[in-house]
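The values are calculated or read from the model by the stated rules, or taken from the named source; none is laboratory data. Remember, it's a predicted structure, so these values are computed and weren't measured experimentally. Please note: Cβ atoms are built from the backbone with ideal geometry, for glycine as well, and neighbour counts cover all protein chains shown. Surface accessibility is based on the protein's heavy atoms, side chains included, excluding ligands, DNA and RNA. Shrake-Rupley method; radii C 1.70, N 1.55, O 1.52, S 1.80 Å.
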Amino acid sequence: MGLFILRRLGLMLLTALCLTFIVFFLTNLYPNLEKLAKTQGNFRMSEEAVESWLGDRGYTDNMFVKYGRWLGVAPGWVTEKEDGTVTGQCFAENALEDSRDRYCGVLQGDWGRSLVFKDDVASLISTRLAATGKLMGFVLLVMVPMALIVGVLAGMREGSGLDRSLSTFSITTTATPEYVSGVIFVAIFASSAFGLKWFKGSATQAIENATFENFFLPVITIALYGMGYIARMTRASMTEVMTAQYIRTARLKGVSFPNIVLKHALRNALIAPFTVIMLQIPWLLNGVVIVETLFNYKGFGWLLVQAASNNDIQLLLAVSVVSVVVVLITQLISDIGYVYLNPRIRIS
Amino acid sequence: MEPLTWTGPLGAYLDTITLALAAAFFVAVLAMIALNAAGATGRVVTNPDGTLSTSGSPYDLLASAVKWIGVALIGLVLAYFVVGVFGGPDAGGIVGALSQRMTPVWIALLLTFAISIGFKRKLGLYGKLFDSTVGMIGFALVMFWVFTGVFGALDMIITHDPLSQVSGMKNKVPGTPLSGAEEGDYQWYLLGGDNLARDVFSRVVKGAWVVVQIAPLATLFAFMVGITLGLPAGFYAGKLDTVLSFIANLILAFPVILLFYLLVTPEIVATGLPNYMAAVLFIFPLIFVGVLLNARYYTQPSIRTPLLLVVLGFLGWIYLSLISASGTKINILPASLDLFDIPGGILVVFVSVVFVNAPTVFRIVRGLALDIKTRDYVAAAQTRGEGPWYIMLWEILPNARGPLIVDFCLRIGYTTILLGTLGFFGLGLPPESPDWGTTINDGRRLLSIYPHAALVPALALLTLVLGLNLLADGLREESLKD
Amino acid sequence: MAKSDYDGPILEIDKLSISFFTRLREIPAVMDFSVTVQPGEAVGLVGESGCGKSTVALGVMQDLGKNGRIVGGTIKFKGRDLSEMSQEELRDIRGSEIAMIYQEPMASLNPAMKIGKQLMEVPMIHQGMGEKEAYDRALQVVTDVKLPDPKRILDAYPHQLSGGQQQRIVIAMALMSEPSLLILDEPTTALDVTVEAAVVELVKDLGKKYGTSMLFISHNLGLVLETCDRICVMYSGEAVERGSIQDVFNKMQHPYTQALFRSIPLPGADKNSRPLIAIPGNFPLPHERPQGCNFGPRCDYFEAGRCDHGDITMSPVAGDDRHHTRCLRFEEIDWDAPPAIGDAKERSEPGQVVLKMDNLKKYYEVAASALFGGGEKKVVKANETLSFEARESETLAIVGESGCGKSTFAKVLMGLETATDGTITLDNNSIEDIPIEARDTKTIADVQMVFQNPFDTLNPSMTVGRQIIRALEIFKVGKNERERHQRMLELLDLVKLPRAFADRMPRQLSGGQKQRVGIARAFAGDARIVVADEPVSALDVSVQAAVTDLLMEIQREQKTTLLFISHDLSIVRYLSDRVMVMYLGHVVELGSTDQVFAPPYHPYTEALLSAVPIADTSVEKKHIVLEGDIPSAMNPPPGCPFQTRCRWKSEVADGLCEKEVPPVRQVADGHQIKCHLSSEALDRMEAVIKLAAE
């Protein structure tokens, strides 16, 4: 088991390196850099001015060198101007020679600065991530139990009226992406057109003070879309288990129906949905971005949109590292959980 | 000109009844679910003709109540539409007017269903679809939007130009009469005006065409890529599988939105990256068809060679036309031979949607190939010395078609959602594009005051994706019955 | 529930009819079926697949699913009508009074629950036992079913046990609350022959010990003979004959029973002088049953106007104890008349050696941990020093149980794998190192294979004709599409299928017909060596005979060398010229059929012969039951591969068996045995199978 986790961690690291390099590559393509120079310098810069602005800041170096700098395995750029001022990636302008750091990358704990927010990337990410964590936590709290209950009830007696109504419900939710359900919910429950006004159409205040009124709609919007898929998987898994021969064995042993469901079927039926729940988390990240934009909730997803639409390279890299790590960790948990739930794999 | 009400004069008679029936239906269904969850089921009796039915208990009474109320409800709703088709806005209000505009769609739908049901025994899996209620509902929803898209593109349905702005119509509610209407203009904005005073109804209809064009085609390309790579990965396993699976997982680990933001920006389009990606992704259908035919006919070179020349020549021409466009980095085909150009915005959307979908298809195909390659008929093919590609494409792939067709339907729905997401973030497609995602994005800013501009495309997208999901469900059910 | 002192019959099924209902129509599965099980009695229910025998069992359990329904008759258990009981009463009886054992032991145990818990559940539900008591009871029953180390087993999950052990657990579970009636539905079909013999033995012993009545469902007449007191033969939803084992086996009174016995290879049958007689025609589909007698269309004694008219009831056979038959003409038929033997075939003489294997070895490297490769590698020795030669128009049978390496051997011969060491010579060319991609068309067409599973052997999405034509294309037979089409039709003639089948899809064919297409495909390139991997084991008894005879006939005409892989010694004895017995990758015995089936044996051959059930009351069999399971090929025992289960091991001094792999010894001309036993010990061996008449 230990070896297995170690291998998975190695694979994770490799994946994360590959992915961040791709992000790095795409954000550092020349048109992007040109835009960066013009937004940071001024919009009427000449070609040459852009060149030298970028050159001074090490942007024109080899892609791998730049990536190495960001990682902190290659020395940061140092430029000595004609007037003698020395600027560098890792130190303030004109810092004393012996107090200059040579490396400043992720490995050194330096995630860089956001050009849009004029703030340290690490602190930006951590506050926004906390806000999104709150949202995600509530979503999982609503989504998982609801999905499992719906799935188990539907799969318990295949083809019954209960099954059909619940299945229709879960199919409908999978067909409703967040930007559709969000719009519908806001229109019905928060707009003046229908006049219900039960909830608020904006969740901006929920960052500091989450209430039922301002937080329910974003949570239910994400939860519903994710729920349908898990519920359908649970149902499929449950119907399959209910027709398995060992369920018949149990029935013919004289076990009562509730006990068959609870003692014999449930554990076997939950193996497949568990992995689905875990793999669903990357999808939730998508939903988070949409919902945070729709409800103006300034969390991690909102940050991603800001970073990406302004080509804020350092911030974007950090955002992608975080999201990739989240995805990979959930994959790891899903693998381990699968092994744990399924004695067939655990012991052999 | 008076503003239209939703159901017009007809509604005065019918609305109360419809609402009452709908409420009754809802209550009855809830009661049935409650009874069912409590463990009550119908008592089954056998009829003399050898069929089974239920009768007697309160549960059964409720079940038949649900059925009959449902039938009545559907009948009433149909009445609104039928009256609308013949009476138009004067008799049926907004619903009637919409129904009248949609007349070509109704006719096409009726014809499709009449013909399909008539010949369903001869149509294989497609015919069997008409044995399943769920599948038929799904198919009807999907075809509704397909026909709407097609007829919309032919300008048969829309009431106004989707791009033109009419002063005084900004954010007007559904049914508002056109201000300053001239002779020959349609008199109303049936579903209201958006924040730029454009007709919401016409935009939704035009938007359907964008989806109906891109989503199935992009899904098809994703399948070509996924199948061409997934089959060898599953069949050979080993190193090839490890490498390909790693790449697939790499793409899957990317949050989709981040990927879109990275790929679909004007700066990236300027680098020509989407064109290069298109050049790579679009070559897969060529490889696929080439290998498919070669594996089948290599024993008979006299048939194989001309066949391959013709087919690949034709596909190659289309391929070159697709990837080369004047003014981009790839412009290899002279303009006289270039059949068509795809606007950069559409191309990048298309490419990124294919790129995001292909790894999932790859994984499905790989899993199926791993399963099917252990069958004896694969071993039989091996023992008579068949090449690996023949086995993959002619022995394994045809027997994986069931799950793949089902997934294809689901994936079109998912692609539709992705397209909407792109539009929602204002990526790729031009800002005035009538596609549903962009329209929702435009409309959401004033959502709490004027919800209709965002709500209508949202419901459109919902019904289309729901239809695709139901269709997939029906297909799955019917293909399992074999 | 208190077990009452009831002393009438345990189970009385009277005129039972069960139907399944679909949206379209009613499908009768069981019609007018009656049987009685007395206390302590074991009744066998025999028939081919689809005859409704399992439906009867489920009817007794009142577990017919949503669509199944009892439409007539009664099932009385200890005098009480089961169909009038409430769900609660039924639940009380299930598991405590009636228990059931199924075909697939792995599928009938809950994979995510420990075995102990699954066993303890039974008395905890029915006798209200406490956990401690239930555990003790479970321990005792597991000991009763002769499982080693019961405590460890109770703490294990099902997948940690072998198939044989799992089936013992299922039996233990059924016996937990000492039921009065045990229903066994093909309990040993999924097991190897030697393991099956041990399980059957156990069931018999325990039945006696606990005084349980048994309803034993099987398609294997031999197995029923060994386990049951009475038998009921079913055909197409009806009981056609029932009576005591002696009466039915020796004085059968129904044409179907007779045809069934004539189509199975009993000792004495011979492919040349006394060939099997296949039952003509096909099993009728449930909704296409004929008027009158269901067996009528296939019956030799059919009389038009009488047998195809009205319902036929069971009539008692005078003079026998509770012996009934569903035949109108049973009193007119001369049951002792010998079957009309078709022309006895000339025995074909083996020709030159075409295939020679010398010292063939095939080792696999398997990663110890499946994840990510890496880690230690284990070597699996799938084939160990395999040497033999096969001649033209000879049938060489390769016999062995699972894991003996027979499939690997076939793969190496076909070129799907290459040999680790040794040579394979085909017509003086070595082919052991040439994978199939590198072989020339002639070699590939010469060596072909017939597969085991008829439902898997044909590509489901291609027509039958197309599949045969594809093989012709690959083997470069015929100049154009027309010629190949013609040749394809001739091949269909060869395997006696109507030419119209060319346009059918495989799913429209029955199992036997599919297997025929598989044979036609194998002979598309005029194969000279055909490897038949258990070609009939998945088919019904009556179809088996027809397919076997077809293979023999084609072999005779084409002078094919047939390598017949099987675990069924009866059929091997019937059709093979020479036999090779394999165990864990080793050839333990090789010789002509007569030599192998007569002493001296290799100890494994001896046990195998004893384990095979024979449906002939005149046969006396020596009783040898092997302990334990077949060791895994991943982890073979040191020394002789068979030493862990060998009953002769004590006869060899110095524990030689555990140290060295025995040498190959010639005991007679062309008869070799791989064993340490001394010649005297071998000479002392007695014949396992004796015909009483001899």
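Once the chain from B:Ile303 to B:Leu163 is taken as fully extended at 0.36 nm per residue, the excess over their C-alpha distance is 45.2 nm. Using the alpha-carbon positions of region B:351-482, Rg (one decimal) and Dmax (whole number) come out as 20.6, 71 Å. With contacts taken as Cα pairs under 8 Å and at least 6 residues apart, region B:202-479 reaches a relative contact order of 28 percent. Net charge of the neighbourhood of B:Leu244, taken over other residues with C-beta under 14 Å away and scored Lys/Arg +1, Asp/Glu -1, is +2. Legend: helices of chain B (whole DSSP H runs) are marked when their alpha-carbon atoms reach 15 angstrom or more along the helix axis and their mean Kyte-Doolittle hydropathy is at least 1.0; marked are B:8-37, B:58-101, B:103-118, B:133-153, B:200-236, B:238-253, B:283-297, B:301-323, B:344-372, B:401-424, B:452-480. Each residue, C:Asp321 and B:Leu370, gets one label point 7 Å from its Cα in the Cβ direction; the gap between the two is 5.9 nm. Here B:Lys67 is the anchor, and the lysines within straight C-alpha reach of less than 24 Å, apart from those fewer than 8 places off in the same chain, are B:Lys128, C:Lys66. Each other residue within a Cβ distance under 10 Å of B:Thr360 adds +1 if Lys or Arg and -1 if Asp or Glu, for a net charge of +1. Once both labels are positioned 7 Å from their Cα atoms along Cα-to-Cβ, the gap between C:Ile333 and B:Val27 label points is 6.9 nm. A simple spin-label model places the labels of A:Arg44 and A:Glu80 3.5 nm from each other, with each point 7 Å out along Cα-to-Cβ. Surface exposure of the protein assembly as shown, expressed per residue as accessible area with a 1.4 Å probe, stands at 42 Å².
Adding -39500 (n - 2.57) for every DSSP H run of four residues or longer, then dividing by how many residues the protein assembly as shown holds, sets the calculated 222 nm ellipticity at -16000 deg cm²/dmol.
Rounded, prolate or oblate: which fits chain B when a ≥ b ≥ c are the square roots of the eigenvalues of the alpha-carbon gyration tensor, with rounded for a/c under 1.5 and prolate only if a/b beats b/c?
oblate
Please list log₁₀ I(q)/I(0) at q = 0.09 Å⁻¹ for the protein assembly as shown, using the Debye equation with identical point scatterers on the alpha-carbon positions. At q = 0.09 Å⁻¹ the computed log10 ratios are -1.44.
The portion of the accessible surface of region A:50-143 made up by carbon and sulfur, rounded to a whole percent, is 55 (1.4 Å probe; DNA, RNA and ligands excluded).
Just to be sure I understand: if I project the alpha-carbon convex hull of region B:202-479 onto a plane and average over all orientations, what area do I get in nm²?
Average of the hull's projected areas for region B:202-479 equals 17.4 nm².
Long hydrophobic helices in chain C: the complete DSSP H runs spanning 15 Å or more by Cα along their own axis with mean Kyte-Doolittle hydropathy of at least -1.0 are C:115-126, C:131-144, C:163-175, C:193-210, C:464-474, C:511-522, C:541-558.
Looking at region B:284-367, the trypsin sites (Lys or Arg not before Pro) that sit in a DSSP loop and have at most 16 other Cβ atoms within 10 Å of their own Cβ are B:Lys329.
Scanning chain A for helices, which whole DSSP H stretches are 27 Å or more long along the axis (Cα) and average 0.0 or more by Kyte-Doolittle?
Taking the DSSP H segments of chain A (at least 27 Å long, mean hydropathy at least 0.0), we get A:2-27, A:121-156, A:212-242, A:266-294, A:313-341.
Give the lysines reachable from C:Lys204 as a straight Cα distance under 24 Å; neighbours fewer than 8 places away on the same chain don't count. Within reach: A:Lys253, C:Lys3, C:Lys53, C:Lys78, C:Lys146, C:Lys621, C:Lys622, C:Lys690.
On the protein heavy atoms, probe 1.4 angstrom, tell me the percent of accessible surface of chain B carried by carbon and sulfur.
Values: 14460 of 20480 Å².
Solvent-exposed carbon and sulfur of chain B make up 71 percent of the total.
A straight chain from C:Leu416 to C:Leu285 at 0.36 nm per residue would run longer than the Cα-Cα distance by 43.2 nm. For region C:190-348, the calculated P(r) over all alpha carbon pairs, in 5 Å bins from 0 to the bin holding the longest distance, is 1, 7, 15, 18, 17, 16, 11, 9, 4, 1, 0 percent. Among residues other than C:Lys496 with Cβ under 13 Å from its Cβ, the summed charge is -3 (Lys and Arg +1, Asp and Glu -1).
Dividing the alpha-carbon Rg of chain A by 2.2 N^0.38 Å yields what?
Its radius of gyration relative to the 2.2 N^0.38 Å reference: 1.27.
Semi-axes of chain C's equivalent ellipsoid from the Cα gyration tensor, sqrt of 5 times each eigenvalue, largest first, rounded to whole Å?
Working from the Cα gyration tensor, I get semi-axes of 42, 34, 25 Å.
With a Förster radius of 51 Å applied to the beta-carbon distance between B:Ala34 and B:Lys122, the computed FRET efficiency rounds to 0.70.
Determine the gain in length on full extension of the stretch A:Glu213-A:Leu196; use 0.36 nm per residue of separation and subtract their C-alpha separation, reporting nm with one decimal.
4.9 nm
Pairs of alpha carbons in region B:126-206 separated by more than 21 Å make up 41% of all such pairs. Taking all protein chains together, C:Ser618, B:Ser433, A:Ser126 sort by accessible area into A:Ser126, C:Ser618, B:Ser433, largest first [probe 1.4 Å]. Look at the alpha carbon pairs under 8 Å that are at least 6 residues apart: their mean separation over the length of chain B gives a relative contact order of 18 percent.
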